[in-house]
Each structure stands twice: as structure tokens, then as C-alpha cells.
Amino acid sequence: MSQQTTEQTIKVGVIGAGGRMGRMLIEAVQNNPKTILNAAIERQGSSLVGADAGEVAAIGRLEVQIVDELEAVINDIDVLIDFSLPDATEKNMQVCAEHNVAMVIGTTGFNEAQEQVLAKASEKIAIVYAGNYSTGVNLSLKLLGMAAKAFGNDADVEIIEAHHKHKIDAPSGTAYMMAEAVAEARGQNLKDVAIYGREGQTGERESGTIGIHAVRGGEIVGDHTVMFIADGEVVEITHRARERMTFAAGAVRAATWVTEQAVGQYDMQDVLGLND
């Protein structure tokens, strides 16, 4: 079904193999000397089922046929990379937990029940779950924590994120991560202080709140700016992604890391050693 592997090679499965991110992940898997694509999964009814995953990703034939059921290939992989939709990822977490397969999850927009499924699955397998797999973004999160501690409530915080017109959730998972980093550093619960956009007679800005705003248009890969607005000065921390391969390569890096970890839930800062 796939290329021959050595004992040390990490066998990877990719969910959503025919999608924009899925194709990037397939290429990133093949570019990493530690990993090899051993399974590619698409939704049931997809016209790509049965096609060669490498040809779909435009990197040449890999002899890995796209299938429409994770269960059909779950025993062929060491780790599953899932950047799909919350309902699909929920089911995939349960399958991986049952078969002791590690996961790298980039899906955003989980509800509270799905967060509980994630927590339960991470009691059985190792999972890296992050809203962003970019090295730069995760370094930015560290800087945001430092700035938030330094300013405290002496600076108003506004987060502005922009993505392509095809993105279906807002705000982005990365914007949430950034808001959480600020709130945690200030000893706050984000749910108590987040303000999502403003409209009409909002009144005077309440001290300690965190404004979060989403922009959608064109083919913007992902821009995030966090403004610390104090009396007399403004500090901005900005990250701009220029290509999706940055995220895909980071996810594959996480896949090589998570297969060596004990059961539990981790994030990309764990992968990068920023939480040490």
C-alpha cells in the first residue's frame, strides 16, 4: 500500500488528504527524513477516494491510495495528523484512542463537549493539540506573556487577525491562543474579559478587557497583531504567515516528537521546548 519503511521511520496518516492543507501535509511528510506517508484519508463520497495521494498532492506517485475510512488504515500508522472539522476530529480521536495511535491535531472550533472528548482521548494516547504549528507564532506567544505581565492592566489589549475568504471559523484558533496567553499572564479568565468586535453604543472601554477582531478576504494565509495600548505608547507584536508550508512542516515536526512522548495532551510550545 505504501513505500517500504525502515524500523526507525515514523508512519504518518493524513486526514483530509485532498484539501489544501492536506496536500501540504503530504508534501511535508515526504520532505521530512524521519517520516513517511502510510495512509491518506478523505471524506466518504469524495471523488478522490482511490486516487494516489502523491499524485493528488502533485509530488509524484507514492503508492498510497486515498481511502474514506480511518479504521481501514489505522493499524498502518504510528501517528495521525488531523486538520479537519470538529465533528470529524471528534470521531478520529476516539478511533485513535482505541488503537493506541498518537495524534497531531490542528482542528479549531471545538465546543466544550469536544474538548472533553480530547481530554479523555489524551488519557490513553499522546496528543499534540495546537491552534498554530508555526515556530514564529509560538515564540510570539512567549513574548505576549512577557508584555502582558509587564503592562498588567495599564495597557488596553486589542487583537486583530486576518485570513483568507475560505476560512469558516472566526476568530482564528491562533487569535484565541494569543488572547489566552495575555489573559493567563494577567491572571484572568478569557471568558470573562473577551470582547468580540464592537457595534453600536458600546460605552466606554472597560479596563482589563481584551478585544478580538477578525478580517476575512482574498488569500491571506494568516496575519495576527496584538496591540498593547498604554497612555503615551503602543507596543505591537505581529506575526505574518507567508505560506502554508510553515504550518505543515511544524505539524510534521510535532508528529516526530509526539510518538516519543508519554500519554497526555501537549501543545506546540512543548514540541519546541519553550515550556521547559
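The values are calculated or read from the model by the stated rules, or taken from the named source; none is laboratory data. These numbers come from a predicted model, not from an experiment. Neighbour counts run over all protein chains shown; Cβ positions are idealised from the backbone, glycine included.
Annotations
- Selection status of GLN44, within 24 Å of GLN114 (Cα to Cα), out of contact with any helix residue (DSSP H, G or I) (no Cβ under 6 Å at 6 or more places or on another chain) and polar (S, T, N, Q): yes
- Of the set (1) over 18 Å from GLY264 (Cβ atoms); (2) assigned by TED's automatic domain parsing to the domain that holds ASP82; (3) in a strand (DSSP E or B), all apply to GLU158 but (2).
- Some residue of the stretch 203-211 being polar (S, T, N, Q) and either more than 21 Å from GLU90 (Cβ to Cβ) or touching a residue at least 40 places away in the same chain (Cβ under 8 Å) (or both): yes
- Looking only at residues of the stretch 142-170 that are modelled with pLDDT under 95 and under 15 Å from the mean Cα position of the chain (by Cα), we find that the one that is surrounded by the most Cβ atoms within 10 Å (Cβ to Cβ) is ALA170.
- Candidates LEU25, LEU62, filtered to the one that is buried (at least 20 other Cβ atoms within 10 Å of the Cβ) and closer than 16 Å to ALA102 by Cβ: LEU25
- Members of the stretch 28-42 that are touching a residue at least 12 places away in the same chain (Cβ under 8 Å) and either crowded, with 22+ Cβ neighbours inside 10 Å or out of contact with any strand residue (DSSP E or B) (no Cβ under 9 Å at 6 or more places or on another chain) (or both): ALA28, VAL29, ASN31, THR35, LEU37, ASN38, ALA39, ALA40, ILE41, GLU42
- The set of residues in the stretch 98-121 being more than 19 Å from GLY222 (Cβ to Cβ), small (Gly, Ala, Ser) and surrounded by 19 or more Cβ atoms within 10 Å (Cβ to Cβ) consists of ALA102, ALA121.
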